[in-house]
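The structure appears right after this line, and notes come after that.
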Amino acid sequence: MGTVILLALTGLGLAALYFLVASGLSLVFGLADVLNFAHGLFLGVGAYGTWWAAGNLPGAGPDGFGFVVAVAFGVAAGTLVAVLVELVLIRPLYSRTIEQVLVTVGLSLAGVALLQATWGADARPFPRPDWTRQVTGILGAQVPNGGLLLIIAAVLVLGAILAFLRWTRYGLVIRAGVENREMVTALGIDVRKAFTLVFAIGGAAAALAGALGGVYFGTVSPGQGGSLLIFAFIVVVIGGMGSVVGSAYAAVVVGLVQQFVNYYGTSGLGDICVVGLLAVVLLLRPQGIAGKVATA
Amino acid sequence: MTVIDAPPAQVPDELTPQRGRWHRVRPFLPLVALVVLAILPYSTISLPGIFEGPVNSPGTLQLLAICLIFGGLAAGYDLLFGRTGMLSFGHALYFAAGVYGTDILVTRAGLPLWQAALLTVTGGTILAALLGAVALRTVGIAFAMVTLAFAQVGAILVARDFGGLTGGEEGLPLDVSGLPAGLVGVTNTVNLYWLALAYLTLVVFVVHRVSGSPTGRVLAGLRDDERRIGVLGLDPYRYKLVAFTLAGGLASAGGVVYVLIVGGASPHITSSELTLSLLVMVVLGGPGTRWGPVLGGVLYMYLDHRLTAFGTSDAVDNLPAVLSRPLSQPLFVLGTVFILAVYFFPGGLTSLAPRLSHLTRSLRPPR
């Protein structure tokens, strides 16, 4: 029983990580039709920003309130990079989908290489508060606190994004834009401001994922974003593009399947099962669990 | 009612394509290039700064052979991206299937090379057909993601080393004892070079023939407007599957040659980065053109190898750390060049020549 609960909770921790990356990807794709390969870069910037701040920024540190400041700095850095990428690189290419993908591909290659050039290719130990290294006993299972922190953060982010989409004017514009962008433009609303906003939200969520993922794994390395990004893509496709709630459901399913199959089957089988799940979902329901039909 | 005989419209001079000085020679240029490349190993010229040793030294020939292979791979990938408009992010899978398939059949099963190669190319083609049949149920960006996910399964299978076949992270060196003697050893690098050249020629020939055939015209139609092809009563799915399968088969054939040149398989060739670099090659060279992808592939691999040496050279090391560190990363340089190319040279390298000729013509004083 303890094993099952432990697997479920660590699976949910993984799901939380996927959700933080996928929610931004899904919103960006749903609204602006941009498949953002540079999303892994935002994650890397968040992780390295937090790592750097904990060591160098006055007032920030690896423990207590200082750690909150460090994470806030990392998230701010990720958000800033995301906004800059949108304004400088993506905006001139709107409605040219393929070119946008190409630019984000180039950005992901160059950005990861830049991180590697600055801080080296090797994984670095991540500064983290002592309590995240400990475990909490839940129903007989010893669950690592880092995973619980991820779950709490993901639930808070989900709540915040949903509240933002539901009760604010810009949330209304974004929801309408996902449904029908031309109509929103025809009503005289500048959708491009919403694009920037969505990039900022996605960048912030990804940077938070980078910082908390660093806490969870205990290390930070330049390539971390890339491998997470592929599973985040899978989550986005299964969940349905443009749907935050769909991403949340899909992230939970993917995280749990991966964790349980990797434990009870051979290691690595869970990852393959997830791709099998993707194939099944695409064959039976090409538009994903929720959301609009995924077309170019 | 009078019928007015309109005089035939005058075509302005600047719109009629001028016959260049070389228009008689042009069709034979590829043949000339092929002959030059084929006899290149007989020359002992050394080009300091471009290659480390003389042109016919084994190291240089191996680098050239790898460049040629990737030229061929990029040309095959262009069949999907530039000519049919399919954005596949999983092309590395079929290349890796060729590399690992040959390696495993020769090293682990002890088959002779020709059997292993035949089985591998057949298997790679069937794999492409099966996975393509599933992936092509989606279109556009979703297709890109699905192919990416399939390729990721390949990467996981190789890295986790199921059944001890692939050697996991360490890769699998090719067992050369069963290979034909002409393909083994440093002194025989020249044969591998010719093999790579033959592969490139094959791919260019196949892609050229396919794009000139009625099927190729349907593929171009799919790239431009898929719905129209559907309205004409043709099934887009079938044509795309044909292109996908053919490109997959060509990629796995490239893998067979690559494993012989490199002498083993390593897991980095299964990564999605390889597909991304194929995309970079095609876009840098000029998608949908005959020579653009080949040129892009050769140049990309060459730069990828040589920039590493450039990054550790004194000229770069003496720069301030802010500059020297990013410049020592080939991917940083190539990624930046790629972004600039997407903005400023959308047609890639092959579009440069017409652009430059426009420029020189407008700069020339009027007659």
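Coordinate-derived values only; no laboratory data. Because the structure is predicted, anything quoted here is derived from the model rather than measured. Methodologically, a virtual Cβ is constructed for each residue, glycine included, from the backbone with ideal geometry; neighbour enumeration extends over all protein chains shown.
One table, with the values for the structure above:
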{"quantity": "Residue of B:LEU340, B:LEU111, B:LEU172 that the Gaussian network model of chain B assigns the largest fluctuation, springs spanning Cα pairs under 10 Å", "calculated": "B:LEU340"}
{"quantity": "Per-residue mean of C-beta atoms belonging to partner chains within 10 Å, peptide B:260-272", "calculated": "1"}
{"quantity": "Theoretical ellipticity at 222 nm over chain B - DSSP helices of four or more residues, -39500 (n - 2.57) apiece, nearest 500", "calculated": "-21000 deg cm²/dmol"}
{"quantity": "Kyte-Doolittle at least -1.0, axis length at least 18 Å by Cα - qualifying DSSP helices, chain A", "calculated": "A:2-32, A:39-56, A:64-84, A:97-119, A:145-167, A:191-217, A:224-239, A:244-264, A:269-284"}
{"quantity": "Candidates A:LEU158, A:LEU269, A:LEU284: whichever shows maximal mean-square fluctuation once chain A is modelled as a Gaussian network with Cα springs under 10 Å", "calculated": "A:LEU284"}
{"quantity": "q = 0.08, 0.09, 0.11 Å⁻¹: log10 I(q)/I(0) that the Debye formula gives for region A:2-223, counting C-alpha atoms only", "calculated": "-0.31, -0.39, -0.57"}
{"quantity": "Ellipticity estimate at 222 nm from DSSP helix runs (n ≥ 4, -39,500 (n - 2.57)) divided over chain A, nearest 500", "calculated": "-24500 deg cm²/dmol"}
{"quantity": "Radius of gyration and Dmax over the Cα atoms of chain B, both given in Å", "calculated": "23.0, 89"}
{"quantity": "Most mobile listed residue (A:VAL28, A:VAL71, A:VAL281) in chain A, GNM with C-alpha springs under 10 Å", "calculated": "A:VAL281"}
{"quantity": "Shielding of B:146-158 by partner chains, average beta-carbon count, 10 Å", "calculated": "5"}
{"quantity": "Which of B:SER57, B:SER88, A:SER108, B:SER213 has the fewest Cβ neighbours within 10 Å, and the rest in rising order", "calculated": "B:SER213, B:SER57, A:SER108, B:SER88"}
{"quantity": "Sequence-distant residues sharing a close amide H with A:THR136 (under 5 Å, placed H)", "calculated": "A:VAL143, A:ASN145"}
{"quantity": "Diffusion constant of the protein assembly as shown at 10 °C, which comes from Stokes-Einstein with the Kirkwood Cα-pair radius and 1.306 mPa s, µm²/s", "calculated": "59"}
{"quantity": "Tilt relative to chain B, helix B:352-363 - C-alpha long axis, 0 to 90 degrees, to 10", "calculated": "40"}
{"quantity": "For region B:55-270, with +1 on Lys and Arg beta carbons and -1 on Asp and Glu, the positive-most of B:ALA155, B:PHE95, B:ILE229 along the dipole", "calculated": "B:ILE229"}
{"quantity": "Peptide-level mean, for B:348-361, of C-beta atoms on other protein chains within 10 Å", "calculated": "0"}
{"quantity": "Given charges at beta-carbon only (K, R positive; D, E negative), |dipole| of chain B in Debye", "calculated": "1180"}
{"quantity": "Computed over chain B: relative contact order in percent, which uses C-alpha pairs under 8 Å that are six or more apart", "calculated": "26"}
{"quantity": "With 10 Å bins from 0: P(r) over region B:117-213, alpha-carbon pairs, percent", "calculated": "12, 25, 37, 22, 4"}
{"quantity": "Folded to 0 to 90 degrees: helix B:292-311 orientation relative to chain B principal axis, Cα", "calculated": "50"}
{"quantity": "Over region B:55-270, relative contact order from alpha-carbon pairs under 8 Å, at least 6 apart, %", "calculated": "44"}
{"quantity": "Net charge, A:VAL83 excluded, C-beta distance under 14 Å - Lys, Arg +1, Asp, Glu -1", "calculated": "+2"}
{"quantity": "Region A:2-223: relative contact order as a whole-number percent, Cα under 8 Å and 6+ apart", "calculated": "40"}
